[in-house]
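Report on the following structure.
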Amino acid sequence: MATYFETPTARTRMGTAPRLRVATWEGFMTEVLVLYYSRKGSTAELARQVCRGIESVPGAVAKLRTVPPVSAESEGPAKPVPASGPPYATLEDLRQADGLILGSPTRFGNMAAPLKYFLDCTSSLWVSGGLAGKPAGVFTSTQTIHGGQEATLLSMMLPLLHHGMYLVGLPYTERALNETAAGGTPYGASHVAGPLDEVALTDHERALAQALGKRVATLAVRLGQT
Ligand SMILES: Cc1cc2nc3c(=O)[nH]c(=O)nc-3n(C[C@H](O)[C@H](O)[C@H](O)COP(=O)(O)O)c2cc1C
């Protein structure tokens, strides 16, 4: 069971808003928030692989959260608690996190509206600098291999840059990035789900999603030590 404490070092590092560190029986842990939207499950599966990568880093824990769907008729969540899967994210989840990894299906070469809507509600964090100086990464799933993964990943980075986050990608030193014939890009992890969204993650896609989690978590741990 994790408990949150405000620490003087965390406050100094951010310079603006006070930071909270997550404490477990093992001591203070670096928490990376994996925040995603998924309707058919592919982005959710990528999110789980990202979490595995985060938790492979000593001192790091993953926190998995999703966002509610939106519709033209209703701006808020229809239900405060999802029927299944992880809870809906709050602004406090973002503020507490030491790093953030965002995932969304590609929708016409862009992130899905529910995630965009959630990000559009983060002005108070932007004002306080609550995400500034934290590492971040992005991931997506498409139906088709040339369906706009890179465009989506790059567009997901824009609000994170406005928040002052340090963006982390995937380098070609990751063997899977050289070998993949499906998803996986230098801009972030990805999956090609096929016309019926029935294709499972390939080994390369899994490896790259884990690598993204590991890279963001490693940087978050290091930044927490400075
Ligand atoms: C409105 C809409 C727009 C979409 N646009 C694209 C697209 O531009 N390129 C693409 O390859 N797939 C597109 N798709 C398909 C989804 O990106 C794909 O099914 C994805 O794997 C779904 O992820 P999920 O299983 O996490 O919901 C679109 C789907 C919807 C509903």
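Name the one entry in THR144, THR140 that is crowded, with 20+ Cβ neighbours inside 10 Å, within 13 Å of the ligand (Cβ to nearest atom) and not in a helix (DSSP H, G or I). Even if it seems obvious, please write down each step before you answer.
Details: THR144 fails: crowded, with 20+ Cβ neighbours inside 10 Å.
Answer to the selection: THR140.
Going by the structure shown, is LEU208 modelled with pLDDT of 95 or more and surrounded by fewer than 22 Cβ atoms within 10 Å (Cβ to Cβ)? Walk me through it before giving the result.
Details: modelled with pLDDT of 95 or more: yes; surrounded by fewer than 22 Cβ atoms within 10 Å (Cβ to Cβ): no.
Answer is no for this residue.
Tell me yes or no: at least one residue of the stretch 160-172 is in contact with a His (Cβ under 7 Å, 6 or more places away or on another chain) and over 12 Å from LEU102 (Cβ atoms).
Just the residues of the stretch 160-172 that are in contact with a His (Cβ under 7 Å, 6 or more places away or on another chain), to begin with: none.
No, that holds for no residue.
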Going residue by residue through the stretch 211-222, is there one that turns out to be in a loop (DSSP other than H, G, I, E, B) and either surrounded by fewer than 15 Cβ atoms within 10 Å (Cβ to Cβ) or aliphatic (A, V, I, L, M) (or both)?
no
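How about the stretch 178-203: which of its residues are surrounded by fewer than 19 Cβ atoms within 10 Å (Cβ to Cβ) and either away from the ligand (no atom under 16 Å from the Cβ) or hydrophobic (A, V, I, L, M, F, W, C) (or both)? If you could, list the steps in order and put the result at the bottom.
Going through the stretch 178-203, the residues surrounded by fewer than 19 Cβ atoms within 10 Å (Cβ to Cβ) turn out to be 178-179, 181-182, 186, 194-200, 202-203.
Result: ASN178, GLU179, ALA181, ALA182, PRO186, LEU196, VAL199, ALA200, ASP203.
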I'd like to know if the stretch 84-96 contains one or more residues that are among the polar types (S, T, N, Q), surrounded by fewer than 19 Cβ atoms within 10 Å (Cβ to Cβ), part of a helix (DSSP H, G or I) and more than 15 Å from the ligand (Cβ to nearest atom).
yes
All positions within the stretch 158-176 that are among the aliphatic types (A, V, I, L, M) and within 14 Å of PHE139 (Cα to Cα)
LEU158, LEU160, LEU167, VAL168, LEU170
Answer from GLY148, GLY133, GLY164 - the residue that is touching a residue at least 12 places away in the same chain (Cβ under 8 Å) and touching a strand residue (DSSP E or B) at 6+ places or on another chain (Cβ under 6 Å):
GLY148
Output the number of residues of the stretch 36-76 satisfying the condition of being polar (S, T, N, Q), more than 14 Å from the ligand (Cβ to nearest atom) and modelled with pLDDT under 95.
1
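The values are calculated or read from the model by the stated rules, or taken from the named source; none is laboratory data. Everything quoted here is computed from the prediction, not taken from an experiment. Using ideal geometry, Cβ is built from the backbone for each residue, glycine included, and neighbour counts are taken over all protein chains shown.
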